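Written out below as structure tokens is the structure these notes cover.
The values are calculated or read from the model by the stated rules, or taken from the named source; none is laboratory data. This structure is a prediction, so every number in the text was calculated from the model and none was measured. Cβ placement follows ideal geometry from the backbone for every residue including glycine, while neighbour counts extend to all protein chains displayed. For accessibility, only protein heavy atoms count, side chains too; no ligands or nucleic acids. Shrake-Rupley method; radii C 1.70, N 1.55, O 1.52, S 1.80 Å.
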Amino acid sequence: MSAINSLKTQTCVAFAPASLSNLGPGFDSLGVALSIWYDQVHITLTPGLAYTVGFDPSGEWKGPTDPHKNTASVSALHVAQTLGYTGGATIHIKKGIRAGSGLGSSAASAVAGAMAMNGALGSPLTKSDLIDACMEGESIVSGARHGDNVIPSLMGGTMLVESGNPAFHQRIDSMMDVHFAVILPDVEVLTQQARALLPASVTLKDASVWASRLSQLILAMSNADVSLFGKLVMKDDLIEPIRATLLSPYSAIKEAALKRGAKGCALSGSGPAMFAVCSSSAEASAIAESMKNACAEFGISSLTAVERINARGAYTQ
């Protein structure tokens, strides 16, 4: 540990991607890393004990600058404590994903913060070693240690996570050639707000059906069956109907996507982001346009993107 504290000033920049979560019946347990939207965290180690947090004005969003209330800095502090580093740091954040998006904004910041601190200290920890730090940062915002955004953002690919125990996770290896048409309406849905609407328990029958549908969804991905995967992301009768009430154009966006040829369409996480399952980039582009037009009919602007599964996950420079 003394070697770490005797390091001269070190710096590292980390990038962590957005992610889709739930994917229908995978509530709190299934997520996939995306390839376009990233959060960026730049950490420089400094003499003294102080941690300072700042935001790039060109980013999509600016959050708290208290080091103990910011997702990136909380995860960075956890890494520093793990490695016995007792110095200070400046933490500069550029948000590529706005808060309340349903695309794992807080998770991406937490992951990038942990990755950047680990990199600044010489990268002694593996990604698996960083999971606890990332979850600490994420929980500042979400109020719980759910890994369905954190684990895909950190590890990349499609990840199955045990709800409440993200250290237990599995990568779903698939050759599925899927494209996502993703829409982000200009509406904020905060995770804690959306969770407050959910039931505290479900019936044994509902739990059994849910488990069956999640198993079929994972099998469809493993078998690279895009059409079946699309159908199954729409098989959430418990969570999505409740969360959909927070997004007025939900039904119109979904209908527009399916009418244009999408294999399926669903909310990502708590929303408002939605995704459509497509079999090609050209199809996804056309479907994204239809989704955007449907959203605009409600007087709500939106961003759209054609996304692929990002196998790499978070990385440093």
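I'd like the carbon and sulfur percentage of the solvent accessible area for segment 160-317, probe radius 1.4 Å, heavy atoms only, ligands and nucleic acids excluded. Could you put the intermediate results ahead of the total?
Working: 4030 of 7670 Å².
Accessible surface attributable to carbon and sulfur in segment 160-317 totals 53 percent.
Pull up the DSSP beta bridges for the chain and report the antiparallel fraction as a percent, rounded to 5. Don't skip to the answer; put the middle values down first.
Numbers: 41 of 46 bridges.
Here the antiparallel bridges make up roughly 90 percent for the chain.
Over the chain, what per residue volume does the convex hull of the Cα atoms give, in whole Å³?
Numbers: hull volume 37.3 nm³, N = 317.
Spelled out: Cα convex hull of the chain, divided by residues, is 118 Å³.
With no solvent and one point on each alpha carbon, what is the Debye value of log10 I(q)/I(0) for segment 106-159 at q = 0.14 Å⁻¹?
-0.31
Using +1 at the Cβ of each Lys and Arg and -1 at the Cβ of each Asp and Glu in segment 192-306, identify which of Leu232, Thr245, Ser212 lies farthest towards the dipole's positive end.
My answer, from the dipole projection, is Ser212.
Per residue, how much space in cubic angstrom lies within the convex hull of the C-alpha atoms of segment 1-158?
Numbers: hull volume 14.6 nm³, N = 158.
Dividing the Cα hull volume of segment 1-158 by its residues yields 93 Å³.
Taking only the alpha carbons of segment 217-317, what extent do you get along each of the three principal axes, in Å, biggest first?
Extents along the principal axes, in whole Å: 37, 36, 26.
How high is the relative contact order of the chain, in percent, with contacts defined as C-alpha pairs under 8 Å that are six or more residues apart? Before the final figure, lay out the partial values.
Working: 802 pairs, mean separation 74.4, N = 317.
The normalised contact order for the chain reaches 23 percent.
So between Arg312 and Gln170, what do we pick up on full extension, going 0.36 nm a residue minus the alpha carbon distance? Walk me through the intermediate numbers first.
Values: separation 142, 0.36 × 142 = 51.12 nm, distance 1.51 nm.
Here the segment from Arg312 to Gln170 would lengthen by 49.6 nm.
How big, on average over all directions, is the shadow cast by the Cα convex hull of segment 156-199, in nm²? Before the final figure, lay out each step's value.
Numbers: hull surface 21.2 nm².
Averaged projected area of segment 156-199's Cα convex hull equals 5.3 nm².
Equivalent-ellipsoid semi-axes (√(5λ), Cα gyration tensor) for segment 16-81, whole Å, largest first? Numbers along the way, then the final one.
Details: eigenvalues 159, 46, 23 Å².
Sorted largest first and rounded, they come to 28, 15, 11 Å.
Radius of gyration and Dmax for segment 98-238's Cα atoms, expressed in Å?
16.6, 51
Where only protein heavy atoms count, and the probe is 1.4 Å, what is the accessible area per residue for the chain in Å²? Before the final figure, lay out the partial values.
On the way: 12930 Å² over 317 residues.
Roughly 41 Å² per residue, with all protein chains present.
Through the Karplus equation 6.51 cos²θ - 1.76 cosθ + 1.60, θ set to phi - 60°, convert the phi angles of segment 303-317 into ³J(HN,Hα) values in whole Hz; use x for Gly and Pro.
Each residue of segment 303-317 in turn: 10, 10, 7, 9, 10, 10, 6, 9, 6, 7, x, 6, 8, 10, 10 Hz.
If you count, for each residue, the other Cβ atoms within 10 Å and average over each peptide, how do 211-217, 249-255, 265-271 line up from highest to lowest? All intermediate terms of the calculation are to be shown ahead of the outcome.
Working: 211-217: 16.3, 249-255: 20.0, 265-271: 26.6.
Ranking, from highest mean packing down: 265-271, 249-255, 211-217.
Could you look at segment 13-103 and say what percent of its accessible area is carbon and sulfur, using a 1.4 Å probe and all protein chains? Working shown, then result.
Values: 1800 of 3040 Å².
Heavy-atom surface of segment 13-103 belonging to carbon and sulfur, 1.4 Å probe: 59 percent.
By how many degrees, 0 to 90 and rounded to 10, does the Cα axis of helix 204-222 deviate from the longest principal axis of the chain?
So the inclination is approximately 80 degrees.
What is the helix-to-structure angle for 131-142, meaning the angle in degrees between its Cα long axis and the longest Cα principal axis of the chain, kept from 0 to 90 and rounded to the nearest 10?
70 degrees
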